[in-house]
Amino acid sequence: MRRDVFQAIADPTRRAIIALIAIQAMTPNALADKFDITRQAVSKHLRILSECELVRQESKGREIYYSLEIEKMKEIDEWLSRYRTIWETRMIQLDDLLATMKKEKEDN
């Protein structure tokens, strides 16, 4: 089953896992040490992130290391960039409105 990437990143623990493995590849045990959750819970989060293709696995001996799938993160950023321009435009409009209101208040 393919999961929705935005549902995956909606969870704060999964976002924290992404932040950690963006710096360096980590094992589930190493990740579990960073959280107040079980290794099984970390594995579940990693499985969801893997299903969304946000992380990749690499076996090194008996250990499995998880690392960030940068290309998938770029897809998320590209989707968000469509809306970033709208948000920025609205913020500029709000700044202009507030400046006008402030000036009018000072003039009265």
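For region 66-108, residues that are modelled with pLDDT of 90 or more, over 20 Å from residue 8 (Cα atoms) and among the polar types (S, T, N, Q) total 3. Please tell me if residue 43 is surrounded by 12 or more Cβ atoms within 10 Å (Cβ to Cβ) and either part of a helix (DSSP H, G or I) or outside the structural domain of residue 79 (by TED's automatic domain parsing) (or both). Yes, satisfied. Picking from residues in region 52-86 that are more than 15 Å from the chain's Cα centre (by Cα) and closer than 19 Å to residue 6 by Cα, the one that is surrounded by the most Cβ atoms within 10 Å (Cβ to Cβ) is 56.
Please verify whether region 10-23 includes one or more residues that are in contact with a Phe, Trp or Tyr (Cβ under 8 Å, 6 or more places away or on another chain), outside any loop (DSSP other than H, G, I, E, B), in contact (Cβ under 8 Å) with a residue 12 or more places away in the chain and of a type in the set (Lys, Arg). No, region 10-23 has no match at all. Within region 43-71, the set of residues being among the basic types (Lys, Arg) and on the phi > 0 side of the Ramachandran plot is empty.
The values are calculated or read from the model by the stated rules, or taken from the named source; none is laboratory data. Predicted model only: the values in this text are computed from it and were never measured. In this analysis, Cβ positions are derived from the backbone assuming ideal geometry, glycine residues included, and neighbour counts consider all displayed protein chains.
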